[in-house]
Amino acid sequence: MVDFFETAMAYIRNYIYGYHFFIDESYYSGLWNRYFTAAGFFLGAIAVVLIYLSGAGKNKKSGFFRSLAIIALLNSLGAVYDVISRNLIVQQNYNYNSNVFELAANPIAGIILVLVIYSCYRGYIGNAFCFGLITYAVSLLMFNVFVNSDSAGFLIFRALTLGFACMLMTKPKYFYNSFIIYIVYYLIFKWIQIFIVQGIFASQTITVEIVLTTLRLLVPDLLIFMVILVVSIIYERAVLTVKKTVVAT
Amino acid sequence: MELILGILAIILFIILASLIMVATNVLFDFFSASVIVLAALLLVFGLIFGLIVALKNTVKVYRDVYKAK
């Protein structure tokens with residue numbers, strides 16, 4: 001018990017220490033230097049406009065802060081996914097979350113994203129597109145992807161496609177249908193990333209062994225998707241339907 | 001005069017826009033740090049509150065069923 005509290009306290013101390021840059025003056029001067037360049041100004045302006053447009057509802061001012069908070073949450077869930085995939089399931093051969101542009105590209109962030117799109121963006125198809133786009137693009141725009149990344153084209157294309165996927169996710173009647181759209185989107189882009197962008201199996205012909213190895217890399221993702229999908233299908237088709245029938249009688 | 005005013009307006013616009021971008025970035029980092037902790041706290045308090053309510057209901061049902069006899 002004492003060990004648990006000591007570990008928890010150490011974790012809290014590390015967490016606070018990780019964000020001590022807020023009281024550091026160089027953090028603010030660094031930001032000013034980043035946005036006061038031509039490329040930084042251009043990318044920052046796109047980020048601010050997209051965040052503004054991604055707010056659902058009539059009040060755009062509160063929508064800006066709301067969507068900024070949700071986008072920040074989605075981009076901070078990479079650490080949670082890392083902990084789950086490392087401790088719970090299998091050791092992965094490569095760590096794709098170490099990249100700053102991959103923070104929101106994980107199933108945990110995907111679940112929250114689909115929940116937000118399904119519950120808040122019905123009828124706001126344009127805002128849903130902007131929300132999906134900026135969820136992946138915010139790190140690209142804030143960290144200046146053109147300077148830092150070799151696969152900028154893929155990352156921009158992936159962000160744009162998430163925007164279109166979010167537009168589709170506003171349509172279905174049930175949450176699990178929207179979630180299936182996200183699963184398909186996620187798996188397609190993960191395979192593209194593994195085979196083409198990161199080139200892990202690029203030089204080899206695709207065999208059964210390689211497919212199985214890829215599936216092993218995707219085991220944590222597939223397990224998380226399966227659990228959420230089964231729970232949501234049971235809840236929406238069994239529990240909610242029964243409740244409606246009871247209310248009707 | 002108009003030209004100078006125009007140039008000043010452009011400079012002011014660039015400075016204001018840069019300040020808005022810096023503020024947005026600071027807010028983004030702040031939300032990244034705080035929202036996940038708030039969400040975790042909310043989850044923990046929700047679980048504790050739900051457990052207390054469930055225990056209360058269990059005790060109440062036990063009393064109603066067995067003490068009534």
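We did not get these values from a lab; they are worked out from the coordinates using the rules stated. Only a predicted model underlies this, so the values are computations on that prediction, with no experimental measurement involved. Note that each Cβ is placed from the backbone with ideal geometry, even for glycine, and that neighbours are counted across all protein chains shown.
What's the FRET efficiency of B:VAL59 with A:ILE233 using the Cβ-Cβ distance as r and R₀ = 30 Å, to the nearest 0.05?
0.30
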Which value, in debye to the nearest 20, describes the size of the charge dipole of chain A about its Cα centre when Lys and Arg Cβ atoms bear +1, Asp and Glu Cβ atoms bear -1, and nothing else is charged? 1140 debye
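What fraction of the Cα pairs in chain B, stated in percent, has a spacing above 14 angstrom? Can you show the working numbers first?
Working: 1817 of 2346 pairs.
When every Cα pair of chain B is considered, 77 percent fall beyond 14 Å.
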222 nm mean residue ellipticity, helices alone, for chain A (DSSP H n ≥ 4; -39,500 (n - 2.57); rounded to 500): -22500 deg cm²/dmol
By how many degrees, between 0 and 90 and to the nearest 10, does the Cα long axis of helix B:2-62 differ from the longest principal axis of chain B? 0 degrees
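Averaged over all directions, how much area does the convex hull of the C-alpha atoms of the protein assembly as shown cover when projected, in nm²?
Working: hull surface 103.0 nm².
Mean projected area for the protein assembly as shown: 25.8 nm², to one decimal.
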For the ranges B:54-64, A:62-72, what's the packing order if you count other beta-carbon atoms within 10 Å of each residue, average per peptide, and put the highest first? A:62-72, B:54-64
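Arrange the following residues from fewest to most other Cβ atoms within 10 Å of their Cβ: B:GLU2, A:GLU6.
Values: B:GLU2 6, A:GLU6 10.
With the fewest neighbours first, B:GLU2, A:GLU6 line up as B:GLU2, A:GLU6.
Filter A:LYS173/A:LYS244; A:LYS61/A:LYS190; A:LYS58/A:LYS173; A:LYS58/A:LYS190 down to the pairs with a C-alpha to C-alpha distance above 25 Å, please.
Working: A:LYS173/A:LYS244 15 Å; A:LYS61/A:LYS190 35 Å; A:LYS58/A:LYS173 23 Å; A:LYS58/A:LYS190 36 Å.
Pairs exceeding the cut-off: A:LYS61/A:LYS190; A:LYS58/A:LYS190.
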